[in-house]
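Asks: This is the structure I have questions about; it appears just below.
The values are calculated or read from the model by the stated rules, or taken from the named source; none is laboratory data. Since we're looking at a predicted model, the values are computed, not measured. Note: ideal-geometry Cβ built from the backbone for every residue, glycine included; neighbour counts use all protein chains shown. Accessible surface is based on the protein model in full, side chains and every heavy atom, while ligands, DNA and RNA are left aside. Shrake-Rupley method; radii C 1.70, N 1.55, O 1.52, S 1.80 Å.
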Amino acid sequence: MENKEFLRLTTDICYIIGGFFGGTGPEENVFPFMRDSGETVYLDMNQKMIFYPDKLTRLQTFALETVAKDHGLGIDLYNEDDE
C-alpha cells in the first residue's frame, strides 16, 4: 500500500470512529486508533485486517466495513478483555 493510500485509510478511520491515531503500537505494523470514550480500533497491516470493539454504532461499523473493502482489507470484532 503506497503512502498516499495509507494516509487516506488512516484519516478515514479517524473520521469514522470520531477518534485519533494513537501512534505506533508495540507490535510492528499494528496501528491503534483511540476514541475519547476509551475504545480502540486496530489496523493490523500484518493480517490485512481492521479490528474493532462491539461498542461502535451500526453506522460506524458499516463505514469501517466499506473502507476495509475499498482497501482490500478484512474486518472483525475483537474482545476488549483480550487487550
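Asks: Cα gyration tensor of the chain, axes a ≥ b ≥ c as square roots of the eigenvalues: rounded (a/c below 1.5), prolate (a/b > b/c) or oblate?
Replies: Rounded is the answer for the chain, as its axis ratio a/c remains below 1.5.
Asks: For the chain, report the accessible area per residue in Å² (1.4 Å probe, heavy atoms, rounded to an integer).
Replies: 64
Asks: So if I place +1 on the C-beta of Lys and Arg and -1 on the C-beta of Asp and Glu, and nothing else carries charge, what would the dipole magnitude of the chain be about its Cα centre? I want it in debye, nearest 20.
Replies: The calculated dipole for the chain is roughly 400 debye.
Asks: Give me the percent of DSSP beta bridges within segment 11-83 that run antiparallel, rounded to the nearest 5.
Replies: 75
Asks: Leaving out ligands, DNA and RNA but keeping every protein chain, what accessible area does ASP76 have, in Å² rounded to the nearest 10, with a 1.4 Å probe?
Replies: 80
Asks: Additional query: Per residue of segment 36-50, in order, report the coupling 6.51 cos²θ - 1.76 cosθ + 1.60 (Karplus, θ = phi - 60°) as ³J(HN,Hα) in whole Hz, putting x for Gly and Pro.
Replies: For segment 36-50, the Karplus-derived couplings read 4, 7, x, 6, 10, 10, 10, 9, 9, 7, 5, 9, 6, 9, 10 Hz, x marking Gly and Pro.
Asks: Over the chain, what is the mean sequence separation of C-alpha contacts under 8 Å (at least six apart), divided by residue count, expressed as relative contact order in percent?
Replies: Relative contact order of the chain: 22 percent.
Asks: Just from its helices, what would the mean residue ellipticity at 222 nm be for the chain, if runs of 4 or more DSSP H residues each count -39500 (n - 2.57) and the sum is divided by every residue, rounded to the nearest 500 deg cm²/dmol?
Replies: That comes out to -11000 deg cm²/dmol.
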